[in-house]
1. Among B:133-139, B:75-81, what's the highest-first ranking by average C-beta atoms within 10 angstrom per residue?
2. Calculate one ³J(HN,Hα) per residue across the range B:53-61 by plugging θ = phi - 60° into the Karplus curve 6.51 cos²θ - 1.76 cosθ + 1.60, and present them in order as whole Hz with x for glycine and proline.
3. To the nearest 0.05, what FRET efficiency results for B:R84 and A:Y125 with a Förster distance of 25 Å applied to their C-beta separation?
4. Can you figure out the FRET efficiency of B:R171 with A:L112, using R₀ = 35 Å and their beta-carbon distance, to the nearest 0.05?
5. Compute the signed sum of charges (Lys and Arg +1, Asp and Glu -1) over the other residues within less than 14 Å, Cβ to Cβ, of B:Q78.
6. Label-point separation (nm) for B:V94 and B:L144, each offset 7 Å from Cα along Cα-to-Cβ?
7. Give me the inter-chain shielding for B:140-152: mean count of other chain Cβ atoms within 10 Å, whole number please.
8. Stretch B:L124-B:A25 to full length: gain in nm at 0.36 nm per residue minus the Cα-Cα span?
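No value in this document is a laboratory result; all are computed from the given coordinates. All of these numbers come straight from a predicted model, not from anything done at the bench. Neighbour counts run over all protein chains shown; Cβ positions are idealised from the backbone, glycine included.
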Amino acid sequence: MRTLTICVLLATPAVAGADGLHPYAPVSTSLSVMIRDDHGGGTETTSAGATLELAVGSGRFQYFAEGTSAFLQSTDSGSEMRGGLGVRWLARSFEIGREGAFELDLEGLTGLTRLHHDAGDTRVYPDVGFGVGWAVRMLDPRIVFRVSARAMFEQTRRDGMSASSVPGFVALFGFGY
Amino acid sequence: MRALIVTVVLLVAGRAQADGVDLVAKLGFRVGYGPMSFAHRSVSATSIEIGVEHPVFGNTRVFGEWEWMWLSERDPDQAMAIGREPTHGSGQRVSAGLRHALIAKSHHEMAWYLDGELGGGAMLASEDTLGTHAVPTGIVGMRLGFDFRNGDSTSRVFETEILVRALVTPRDGTGLLVGVGMLWGD
């Protein structure tokens, strides 16, 4: 098992490097400003906060875990917490010599959101989503600036009953290392 | 209609000064926003688009796009004033067409361009109270942008553009889409 793991780790950067792309770093982290807006079940919910991401890179793929803490900005005040997992694919890369690159990312993710309204209502629901991102990645120092736009799908309620969902829009602006 | 005619004339008869057009296949995305009519209601559409392009002939490329859209009432206060809930929906739109470089100029590793585009597509969108609607759409637009080239890069071209597009529908009139996009060329 150990041999297999070592072989996979050794092979991954070689494969990624073969097509000329700068592979994702084996381990990275990022902190982003998050803005979310949705109209699920006829109720508008807007929130703003911060998202912390921890990621493991493997060639053109990056597997990430993220946590978000935000404040509701809509008519009801409250808070939002979200934890999620996702995968990011380095779709295209325009390299600027050995300095860095402009990159196109496509990502898919899932998670669990907890919304708490100060009035007392609390909802916990799962979500799935997809997104596109534009990143400026420098190699030395190893810094990434990424802007992502995501569509998030979740089951919502309307007057206490399940209703078809209007997906949420999430924008992230962050720096990573 | 006048814009359509002008664009067709430019596409067919225009002699593009296309000394800087990079005719390579491209993949990219766009974030867009604009007013449109949906089921006779005035809404704003915010969208994320993923698109591909491929050169076909001369300075002309064929493009295909898939777009996810959020629809929201343009004037919620007016809707509330007449006693109805503001419209909030979502949908998808697929589009295909041709874009042609009308003007393009290059300078070293950089170029800028003005393209005209013509095409069509279909939108499938829904809203809780209005239901689901399928709407055919004609598109005519202009794109202004610039690109960087690097022959040593895996994507040899990186393009950034601003798009202004009219969306012509048979029953809901003409909408508008303004977007900022980026494309990576092979």
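1. Numbers: B:133-139: 17.0, B:75-81: 11.9.
Result, highest mean first: B:133-139, B:75-81.
2. 3J(HN,Hα) across the range B:53-61, in whole Hz: 9, 8, x, 10, 7, x, 9, 10, 10.
3. Values: r = 27 Å, r/R0 = 1.09.
The formula returns an efficiency of 0.35 here.
4. Details: r = 42 Å, r/R0 = 1.19.
With R0 = 35 Å, the Cβ-Cβ based efficiency is 0.25.
5. Working: positive: B:R41, B:R74, B:R84; negative: B:E73, B:D75, B:D77, B:E85.
Result for the neighbourhood of B:Q78: -1.
6. Distance between label points: 3.3 nm.
7. For peptide B:140-152, the averaged partner shielding equals 1.
8. Numbers: separation 99, 0.36 × 99 = 35.64 nm, distance 2.74 nm.
Using 0.36 nm per residue and subtracting the Cα-Cα distance, I get 32.9 nm.
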